Amino acid sequence: MYDELQHLGYAVVPAFLSSEELERFHREIAWWVRQFYAPPEDPATDAVDAIALLDSLASADSSTIRDVRQSLSSAGALGNIRKKVFQHFEQMDLSLCSEALVFEFPGEEWPLQYWHQEASSDSRISVVFHLPLVDTNSHNGGLRVARGGPWRELQPHEGMPLGRRGRKLVDQASFDESHVQLLLNRGDLVVLDAMTPHAGGPNSSKASRLFAAIRASTAHNRAPRVTRRHWGSDA
């Protein structure tokens, strides 16, 4: 896995979460959403499917949607998932930079559809853990990664910040022409070098796309920019 991360800029760990863990996580997400949004004609229970709840949220007012997004980015709903990730990759000696639950409505246009590097917004970030909570492909905006492994820090597009998630890169067309579309099952885990250009895509499906993102530094990258990443104890 560490060889893939070093040379490709990403690696996939299939079925990182079990079906039981996924079901429990969906219940927790539904609970967080319900703190700000009560869908019409729906019983007051957290047993609802989180994706169906988010699909319903799409018709809510913009302030409610904003409140839900902010809640899922800061509520600590990723605590148990983060703990499992950090234990699994213990030899990286990880330290948390940021984490969020992110959702994309069908047909929504959003900044993460642009190619970007996570490390361009925070030089401490050396690795990103991307965990889809629905099956993903090109139709629902699944993760795309650039070919060629981790890149040097690339030129960002002036005036196009993506907040904590990096900056839009200048040469969008070249990445669109040559990239890898990851076909992922819910519960898979993508480990992504923070220097690897990546992007989502437009969600042309009929259901919301939901994923978790955990951004972390390693012991080798807690100072400002270094020229080489260190993956695994033998790096």
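Restricting attention to region 144-186, and to residues there that are of a type in the set (Lys, Arg) and farther than 30 Å from residue 26 by Cβ, which single residue is modelled with the highest pLDDT?
So the residue we want is 147.
In region 100-142, what residues are assigned to a loop (DSSP other than H, G, I, E, B), more than 20 Å from residue 85 (Cα to Cα) and of a type outside the set (S, T, N, Q)?
Selection gives 105, 106, 107, 108, 109, 110, 114, 115, 122, 139, 141, 142.
Looking at region 7-27 only, could you name the residues that are surrounded by 14 or more Cβ atoms within 10 Å (Cβ to Cβ) and touching an Asp or Glu at 6+ places or on another chain (Cβ under 8 Å)?
Within region 7-27, 9, 10, 11, 12, 13, 16, 26, 27 qualify.
Anything in region 187-216 that is farther than 16 Å from residue 9 by Cβ and among the basic types (Lys, Arg)? List them, or say none.
Residues satisfying the conditions are 206, 209.
Name every residue in region 169-199 that is part of a loop (DSSP other than H, G, I, E, B), buried (at least 19 other Cβ atoms within 10 Å of the Cβ) and touching a strand residue (DSSP E or B) at 6+ places or on another chain (Cβ under 7 Å), in order of residue number.
Let us first name the residues in region 169-199 that are part of a loop (DSSP other than H, G, I, E, B), namely 170-171, 178, 182-183, 185-188, 194-197.
Remaining after also requiring buried (at least 19 other Cβ atoms within 10 Å of the Cβ): 182, 186-188, 194-197.
Across region 169-199, the qualifying residues are 182, 186, 188, 194, 195, 196, 197.
Where the second residue is among the β-branched types (Val, Ile, Thr) and modelled with pLDDT under 85 and the first is within 18 Å of residue 71 (Cα to Cα) and lies in region 20-33, which pairs have Cβ atoms under 6 Å and are six or more apart or on separate chains?
From region 20-33, the pairs are 30/48.
When you look at residue 117, is it at pLDDT 85 or above and touching a Pro at 6+ places or on another chain (Cβ under 6 Å), yes or no? Before the answer, list the steps.
On the way: at pLDDT 85 or above: yes; touching a Pro at 6+ places or on another chain (Cβ under 6 Å): yes.
The answer is yes for residue 117.
Where residues in region 52-80 are in contact with a strand residue (DSSP E or B) (Cβ under 6 Å, 6 or more places away or on another chain) and assigned to a helix (DSSP H, G or I), which of them is modelled with the highest pLDDT?
Here the residue is 54.
The values are calculated or read from the model by the stated rules, or taken from the named source; none is laboratory data. Because the structure is predicted, anything quoted here is derived from the model rather than measured. Virtual Cβ from ideal backbone geometry, glycine too; neighbours counted across all protein chains shown.
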